[in-house]
């Protein structure tokens with residue numbers, strides 16, 4: 001089993017710490033908390049929240065924008081790196097038949113929550129449905145770190161269901177990135193700026209990645225590629241990332257995804273060792289070195305992400321809370337179980353050796369822990385002015401994402417009732 005324990009423990013604990021501080025602060029002194037989160041760092045700047053003033057776009061850089069739109073781009077870049085390597089590298093975990101059933105289960109794990117969320121919202125009436133329908137993607141997310149931790153508790157580190165869960169979670173992250181890009185733009189779309197980001201990525205790949213390797217054909221010393229790696233290092237990609245991020249902001253796409261085109265251009269390893277595998281620390285390709293360098297900064301960023309986004313007053317609990325929670329704890333397990341069964345049996349794609357069909361339901365329960373990405377989608381899905389039942393829909397939906405931790409308890413109970421046999425090696 002891949003040794004990702006230290007990685008997810010560090011990320012999880014700091015994120016939880018930030019969320020706990022935010023919840024306490026928001027319920028003890030909500031005014032000072034919101035003043036802190038919306039603190040204006042620079043007014044009339046070239047990055048920040050956009051609003052029109054006298055016919056011109058005026059941007060204000062707040063602390064919330066800095067955390068969610070600028071710094072979280074590094075988190076999504078790391079997630080994209082793992083997805084990219086899982087898809088393209090030899091032994092990549094999302095390649096070939098071995099990934100077919102998890103990918104099919106991932107589809108069910110997204111359609112199930114959407115169906116439950118929108119279905120229950122429709123039952124509650126048109127007023128509720130109109131207010132919350134934009135948040136349909138919130139319960140589709142799976143938090144890789146927390147799901148992995150709970151998966152180990154339920155199945156044991158050596159159980160094939162844990163690897164199945166990791167494949168499902170990373171495919172879920174990939175789908176989440178696509179959903180954010182397509183369905184939750186940050187403003188009116190300006191495709192010429194998106195074209196700018198793509199052009200920057202293509203030019204970076206050709207000049208700093210493909211061309212040196214092309215010129216080094218037949219040269220065992222690979223002088224040009226080595227010079228690029230040792231002399232220029234990560235700087236061309238860092239600069240390209242800044243330009244691509246700016247292009248996403250101006251294009252109206254969510255800026256937190258702005259580094260994704262450039263991630264695809266960075267020289268990478270020849271084969272995959274697994275999701276956040278310990279063996280990757282010994283690889284010296286630029287992509288892995290950049291991930292290693294970002295590890296501690298991203299841990300700190302996730303603390304501030306929890307601090308800036310989880311500060312919800314308990315009085316905000318309402319129907320959006322229960323809709324998100326129902327989508328996760330009902331829709332996820334049912335969707336994963338149903339689609340996983342279809343893939344494994346009618347489609348004859350099979351399950352990993354040692355994994356039972358009923359284990360799919362337990363995997364779905366574990367995958368119902370949304371947290372990080374669910375919080376992020378809730379923050380971008382609803383404008384803070386949208387209200388229902390006298391409360392902000394955004395806050396109520398965030399509370400549902402936070403409450404998804406109950407899925408951990410449900411998973412442990414389901415594992416006991418369904419007689420999951422733990423495998424520790």
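All of the numbers you see were taken from the coordinates with simple rules; none came from a lab. Remember, predicted model here, so these are calculated numbers, not experimental data. Counting neighbours? That spans all protein chains shown, and the Cβs are built from the backbone with ideal geometry, glycine included.
When each of the peptides 195-202, 171-178 is scored by how many other beta carbons lie within 10 Å of its residues on average, the order from highest to lowest is 171-178, 195-202.
Dividing the summed -39500 (n - 2.57) terms of all DSSP H runs of n ≥ 4 by the residue count of the chain sets its mean residue ellipticity at 222 nm at -18500 deg cm²/dmol.
Backbone N atoms of region 250-266 closer than 14 Å to the 7 Å Cα→Cβ label point of residue 199 belong to residues 251.
In a fully extended conformation the segment linking residue 416 and residue 153 would gain 93.6 nm over its present Cα-Cα distance, using 0.36 nm per residue. As a proxy for reagent exposure, 170, 182 were ordered by neighbouring Cβ count within 10 angstrom, fewest first; the result is 182, 170.
For the peptides 121-127, 57-63, residues were scored by their other Cβ atoms within 10 Å and the scores averaged per peptide; the highest-first order is 57-63, 121-127.
Multiplying the residue separation of residue 192 and residue 226 by 0.36 nm and subtracting their alpha-carbon distance yields 8.8 nm. For region 223-243 and region 342-413, what is the centre-to-centre distance using only Cα atoms, to the nearest Å? First find each Cα centre; the distance between them is then 39 Å. Of the peptides 103-110, 239-246, the ranking by mean beta-carbon count within 10 Å, highest at the top, reads 103-110, 239-246. Counted by neighbouring Cβ atoms within 10 Å, the residues 38, 52 run from fewest to most as 52, 38.
The slack in the chain from residue 97 to residue 32, taken as 0.36 nm per residue of separation less the alpha-carbon distance, amounts to 18.1 nm. Ranked for footprinting exposure by Cβ neighbours inside 10 Å, fewest first, 268, 292 give 292, 268. Comparing 387, 90, 220 in a Gaussian network model of the chain (Cα springs below 10 Å), the most mobile by mean-square fluctuation is 220.
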